[in-house]
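Engineer: Provided herewith is a single structure, encoded as structure tokens, for subsequent inquiry.
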């Protein structure tokens, strides 16, 4: 059996397009490398819940290729790209792709995806597939013509150098560093330490309450060997729940047992909730969003602060990296649609369909109710209570002229 690595599947056997590379020198930062934080951020259950929720909600976005040129808008004019926006690569769907990009953005403040191009594919710069990349470290390089490259170093020891033009790069907390988004280490380390210590304290408290602690008072003085043997025998007989599963014991005149009560410290709910909320706030989410117990206003606030910025970043970066300058000039772009009304209450949906139904097609209204499209559903229903503004002006002028003619005849 021939075994091919995933790096061969993603990058193929393309020959490098560079001759000599040097470290790319930044303006304010001495190090142009980026290192994924090895603090195992995603292993923390609070972080995974918050980040995972953002990833799932971002994955609901619907990417679409449109072309706006000379007042005309075309939807999905390129079949190859329409296919890629549903299945970006051989390993995942667009839901998986967006979820992974969002999670990497949240965890590392940087998310990367490699654009695999094939010169034999016509249009859209020959895109064959788009693959999210999760690397342990990255180095920023440039050639003698000032073209930018990134060296990806993966956790299995493999590495690959690709042109930055072929990399979709999404940043978060893009502040002090000239090129990379700021890592979460400095900001989150304290909260994670508190959360981990709290969890360990609760586990220890549970274990401690499962044991009986006390002092054995012997009726006579024993040598150390006999004393230790009596203590070990007593522990095995009466304190080991696996051996003493009947819950019974008998008295022995050789010793008396005095139980020692211990009340282990357990953080109260307010302390635990405060730490949890700090982490949720850092990732722009909250308990109601995570549990799906939110109002319309709370969902809109969450969407605008967390999902919409990601959608805008992806739209601009994918448009920039997928299309050539000429294709962009002719109005090609990637947009991310989101049916925000799908999370609205039924009362809100009914009101919108009743009052603003003329703004939506039949299929768009069905989508609000999580229903599939129907034939001939891409048309709008117009109420007879509405009329074109120009027609309304014509009607009012005509009515005004008729009134004047009527008054003139009466005067005659």
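Engineer: Within the range 265-294, work out how many residues are in contact (Cβ under 8 Å) with a residue 40 or more places away in the chain and surrounded by 13 or more Cβ atoms within 10 Å (Cβ to Cβ).
Structural biologist: Result for the range 265-294: 15.
Engineer: If residue 153 passes every condition in (1) surrounded by 15 or more Cβ atoms within 10 Å (Cβ to Cβ); (2) in contact with a helix residue (DSSP H, G or I) (Cβ under 9 Å, 6 or more places away or on another chain); (3) at pLDDT 90 or above but one, which one does it miss?
Structural biologist: Answer for residue 153: the failing condition is (2).
Engineer: Right, something else. Scan the range 86-110 for residues that are in contact with a helix residue (DSSP H, G or I) (Cβ under 6 Å, 6 or more places away or on another chain), surrounded by fewer than 22 Cβ atoms within 10 Å (Cβ to Cβ) and under 22 Å from residue 171 (Cα atoms) and jot them down.
Structural biologist: 99
Engineer: Here's another thing I want to ask about it. Please determine whether any residue of the range 9-24 is part of a loop (DSSP other than H, G, I, E, B) and at pLDDT 85 or above.
Structural biologist: yes
Engineer: Could you run through the range 105-149 and say how many residues are at pLDDT 90 or above and in a strand (DSSP E or B)?
Structural biologist: The qualifying residues number 20.
Engineer: Quick one: count up the residues across the range 250-290 that are at pLDDT 75 or above and more than 18 Å from residue 44 (Cα to Cα).
Structural biologist: Final tally of qualifying residues: 2.
Engineer: Checking the condition touching a helix residue (DSSP H, G or I) at 6+ places or on another chain (Cβ under 6 Å) and either modelled with pLDDT of 90 or more or outside the structural domain of residue 21 (by TED's automatic domain parsing) (or both), which residue from 205, 219, 195 passes?
Structural biologist: On inspection, the qualifying residue turns out to be 195.
The values are calculated or read from the model by the stated rules, or taken from the named source; none is laboratory data. Worth saying up front: this structure is predicted, and the values here are computed from it rather than measured. Heads up, the Cβs are rebuilt from the backbone with ideal geometry, glycines too, and the neighbour counts pull from every protein chain shown.
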